[in-house]
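Below is one structure, written out as structure tokens, with a few remarks after it.
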Amino acid sequence: MACWTSGSTASEAPSQEPAATPAGNPGGAAASVTIFDNGFSAADLTIAVGTNVTWTNTGQRPHTVKSIDGSFTSSGTLSSGSTYAQTFGTAGTFAYVCAIHASMTGTITVTP
């Protein structure tokens with residue numbers, strides 16, 4: 001389940017199953033990606049199944065986080081200071097992009 005930490009929760013079921021674990025991932029592993037005005041820092045991560053990844057927008061411009069395969073997406077734009085979290089419950093490679101700035105890309109590789 002994907003969640004936008006400012007209070008709203010995505011209600012779409014992903015086409016793949018990157019989020020089989022509950023949002024928040026209590027006691028699970030965590031990783032982070034910083035969104036800045038022109039990209040993602042630690043854009044390419046390798047994580048274990050069950051890891052919760054949080055993207056934080058530290059830039060001044062709004063951004064989104066959207067998987068290329070449609071399996072996860074931030075609900076709306078992330079303004080400066082906003083975060084989006086996704087727990088990955090299935091192994092695989094998940095490419096993502098900012099839907100506003102197509103040159104901003106990254107990849108999450110999830111290992112068993």
Calculate one ³J(HN,Hα) per residue across region 34-51 by plugging θ = phi - 60° into the Karplus curve 6.51 cos²θ - 1.76 cosθ + 1.60, and present them in order as whole Hz with x for glycine and proline.
9, 9, 10, 4, 10, x, 10, 9, 6, 4, 10, 10, 10, 10, 8, 3, x, 7
Tell me which residues come under 5 Å, amide H to amide H, from Val53 once H is placed; ignore anything under 5 positions away on its chain.
Ala31, Gln86, Thr87, Phe88
Considering every pair of different Cα atoms, what Kirkwood radius, in Å, is found for region 58-101?
11.2
Between Thr107 and residues 5 or more places away or on another chain, which pairs have amide H atoms under 5 Å apart, with H built 1.01 Å from N, and which residues are they?
Asp44, Leu45, Tyr96
The ³J(HN,Hα) series, computed from each phi in region 75-88 with the Karplus coefficients 6.51, -1.76 and 1.60 at θ = phi - 60°, rounded to the nearest Hz and given as x for glycine or proline, is 8, x, 7, 9, 6, 4, x, 7, 10, 9, 10, 9, 9, 9
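Phe36 to Ala95: extension gain in nm, 0.36 nm per residue of separation minus the Cα-Cα distance? Walk me through the numbers on the way to the answer.
Working: separation 59, 0.36 × 59 = 21.24 nm, distance 1.80 nm.
Extra length available between Phe36 and Ala95 comes to 19.4 nm.
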Sorted by packing (mean other beta-carbon atoms within 10 Å per residue), highest first, where do 51-58, 83-90, 33-40 land?
83-90, 51-58, 33-40
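Quick note: the coordinates plus some simple rules give every number you see, no bench work behind them. Just so you know, these numbers come straight off a predicted model, no measurement behind them. A quick note on method: Cβ atoms are made from the backbone with ideal geometry, for glycine too, and the neighbour counts reach across all protein chains shown.
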